[in-house]
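Participant: Have a look at the structure that comes next, please.
The values are calculated or read from the model by the stated rules, or taken from the named source; none is laboratory data. Predicted model only: the values in this text are computed from it and were never measured. Here the Cβ is made from the backbone with ideal geometry for all residues, glycine too, and neighbour counts use every protein chain on show. Calculation scope for accessible area: heavy atoms of the full protein, side chains included, ligands and nucleic acids excluded. Shrake-Rupley method; radii C 1.70, N 1.55, O 1.52, S 1.80 Å.
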Amino acid sequence: MSPTYTPEECERWHKRTCARCQRHGWFAARWPDGHVCRTCHDKALLARGTCPGCGDERALPGLRPGDGRRICSDCAGFMMSYRCSRCGTEDKLHRARLCTRCTIADRLDELLDDRTGRVRPELLPLADSLLAMDSPLSGLAWLNRSNGKPGSTADLLRRLAQGDIELTHEAFHHLQPWRAAAHLRELLMSCCILPAIDKRICSFERWLIEHLASIPDPDHAQIIRRYATWEVLPRLRTRAEKKPVTPAARRRVADQVKQATAFLDWLADRDHTLATCGQPNIDAWHAEHNHARNTIRNFLLRCSTSKLTRPFRLPPVHISRAAPMPQTERLELIGRLLTDPNLPVRVRVAGCIVLLYAQPLSRVVRLTLDDITRTQQQTLLRLGEPPSPVPEPLAELLFRWIDSRDNMNTATNHACRWLFPGRRAGQPIHPDVLAALLNDIGIPTTAGRTAAIRQHVLEMPAPVVAEALSYHRVTTAKLASEAGGTWSRYVSGDHWRSPPGWTPRRTGDS
């Protein structure tokens, strides 16, 4: 019996129902229990364990009649073998009856060949990482994605192996499609083939090249290039040396460059340049673009200090804060997250961290398993110094999520320490993705975080809150003043003492 049916047989049987999922579909095989669709066929071959029939440790694709326990293909009466013709592993078979890992190995030998019949030596860590991934099927799907088309995974790997693409970050700035190129670059950085650079800086550098190319006036392009090279990028790199650049910071610097470009175009439309720009022009711009007054401020200050413009004064900085939600609403949302079993565990944990500890999502996604400590007395979450205690309902939920984290099957994520792993190599989940998941269940992250931090500064001194939750002391002091809180009701004692056995965070720790 053939392990797969021909297209003609599938066409004849496509209206039949899968014996396992009870759905109509294209069938991959006919097992003793009936026609099995491709999805159920692949999932069944992933089951591993000791066969209750013969006692062998092997794949268990069959179901024993009566009790429904998983059994091996021999005990199930399959007339076909799923053993790889090369390594003997039982798995889904591909061409030449090879298992998925052997197929990936052959595919990588083909794509990473440097025209000498062997894998390019610099790319051997990438090949080893892909071969060791927990879910080889996803790796094979990635290698075969858009196969044969320019910019596909196969095309990029082949050009990389043959030297058509240099192993430098600058070479990846110009590759298209940029998402596929960015994913490959992150894989190369995680394998230490390329130097590690903050992914937001890589993204901004690639965007800057495209933005400069879109500016028609060469004089404007030169001004923007100097501004981005000597002002924006150095600040971004300095920030990355201290802590990872957040998506919000990446968007902010891009907005600064775009507003600077818009300001130059605005001057040109009024027959002015930076040299003829004076106070009337500055006032007119801010009157027409009130929403961008804070974004353009850095560029205008640089133009003034560089004497590219006439002397002028800028309007004061206007900072607006989101209105906090009522305390009763915040407590209701926390109760819902802790008790509603129908909500995904990931969003329940993330939402509780936001509503209880006033953490922005850009910090939540950077939490690692090393930030969580469990003792006999309590569970601690390190957000600052000292670490914050985790109440028991949330502690149980937190460890349940750790045991079932998503996105752990990629080439470099199988051993990652992120509390919320992402799909990209070695990266946590994107804050915008987590924000969308929380918004879908009705958790307003900004308003909830504002309400939480205001409640904390009412109950504790602002400096203590700043240290424990990684806020700036000036920020918490302002919030305490706005909320009308005092320290008169705060209990006496040593509030700087860490819990017994706790090691303070060192510089450079996650």
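Participant: Nearest 10 degrees is fine. How inclined is helix 233-242 to the longest principal axis of the chain, computing both from alpha carbons?
Facilitator: Helix 233-242 sits roughly 70 degrees off the main axis of the chain.
Participant: A further question on this structure: Taking every pair of distinct Cα atoms and averaging 1/r, then inverting, what Kirkwood hydrodynamic radius in Å comes out for segment 69-188?
Facilitator: On the way: mean 1/r = 0.0631 Å⁻¹.
Computed over segment 69-188, the radius equals 15.8 Å.
Participant: Per DSSP helix of 4 or more residues, -39500 (n - 2.57); summed, then divided by the residues of the chain. What does that give at 222 nm, rounded to the nearest 500? Intermediate values should be presented prior to the final figure.
Facilitator: On the way: 23 runs with 236 residues, N = 510.
That comes out to -13500 deg cm²/dmol.
Participant: Calculate the FRET efficiency for ALA436 and LEU301 from the Cβ-Cβ distance with a Förster distance of 25 Å, rounded to the nearest 0.05.
Facilitator: It comes to 0.10.
Participant: Compute the long axis of helix 178-190 from its Cα atoms, compare it with the longest principal axis of the Cα atoms of the chain, and write down the angle in degrees, 0 to 90, nearest 10.
Facilitator: That helix lies at roughly 80 degrees to the long axis.
Participant: Sticking with this one: Computing the accessible area with a 1.4 Å probe over protein heavy atoms, can you report the carbon and sulfur percentage for the chain? Each step should come with its number before you reach the end.
Facilitator: Values: 13840 of 26830 Å².
Summing carbon and sulfur atoms, their accessible area is 52 percent of the total for the chain.
Participant: If you don't mind, there's one more thing I want to ask. Sorting TRP31, TRP230 by accessible area (1.4 Å probe), largest first, what list results?
Facilitator: Working: TRP31 10, TRP230 175 Å².
Largest accessible area first, the residues go TRP230, TRP31.
Participant: Another question about this same structure. Per residue, how large is the accessible surface of the chain? Use a 1.4 angstrom probe and give square angstrom. Spell out each step's value before the answer.
Facilitator: Numbers: 26830 Å² over 510 residues.
On a per-residue basis, 53 Å².
Participant: Calculate, in nm to one decimal, what ARG179 and ASN290 gain on full extension: separation in residues at 0.36 nm each, minus their alpha carbon distance. Each step should come with its number before you reach the end.
Facilitator: Numbers: separation 111, 0.36 × 111 = 39.96 nm, distance 3.41 nm.
The ARG179-ASN290 span can extend by a further 36.5 nm.
Participant: What's the angle, to the nearest 10 degrees (0 to 90), between helix 218-227's Cα axis and the longest principal axis of the chain?
Facilitator: Taking Cα atoms only, the helix is inclined about 90 degrees.
Participant: In square angstrom, rounded to the nearest 10, how much accessible surface does TRP418 have for a 1.4 Å probe?
Facilitator: 40
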